[in-house]
Amino acid sequence: VPCIDLAAEPEESQSLKADASLPESRFKLRPEQSYKKETKASRLGKSTGRWTQKEHVLFIEGLKIYGKNWKKVESYIGTRTGTQIRSHAQKFFNRIRKEFSTEDPSKYVIDNMSDETIKRIVLEH
């Protein structure tokens with residue numbers, strides 16, 4: 001069985017150390033930079049974080065009008081990306097599936113949710 005010298009440095013780290021010509025400023029953040037990753041939503045000027053009651057109502061209305069056509073729902077809401085909307089829909093549908101014991105939560109929302117039911121769910125959200 002070959003013996004591995006754990007004290008030996010890998011070739012990659014030796015080559016990085018050898019290249020001392022790399023400017024140190026290359027690894028420093030400028031004042032306008034942040035460690036926080038810029039998201040697609042923030043680049044597009046869309047909301048991030050928790051959904052507001054207004055956004056949730058628009059989501060349900062958009063779902064009732066356009067079904068699972070997420071591009072149109074995205075345009076209808078206006079403040080969320082398609083990815084955010086699909087993620088919200090998945091969580092929302094799981095909740096509807098559980099609360100109302102239905103196999104097709106999107107159909108249930110479209111067929112059975114009145115404005116009063118939507119208001120109740122939004123207030124609990």
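The values are calculated or read from the model by the stated rules, or taken from the named source; none is laboratory data. Just so we're clear, the structure is a prediction, and the values are computed from it rather than from any experiment. Note: ideal-geometry Cβ built from the backbone for every residue, glycine included; neighbour counts use all protein chains shown. These area figures cover heavy atoms from the full protein model, side chains too; ligands, DNA and RNA do not enter into them. Shrake-Rupley method; radii C 1.70, N 1.55, O 1.52, S 1.80 Å.
Numbers for the structure displayed
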{"item": "Peptide ranges 89-98, 37-46, 52-61 listed from the most packed, as the mean C-beta count within 10 angstrom indicates", "result": "52-61, 89-98, 37-46"}
{"item": "Per residue solvent-accessible surface (Å²) - segment 42-125, probe of 1.4 Å", "result": "62 Å²"}
{"item": "Theoretical FRET efficiency, 1/(1+(r/R0)^6), r = Cβ-Cβ of GLU38 and LYS68, R0 35 Å, to 0.05", "result": "0.75"}
{"item": "Residue-span extension gain [LYS98 to ASP111] - 0.36 nm each, minus C-alpha spacing", "result": "3.0 nm"}
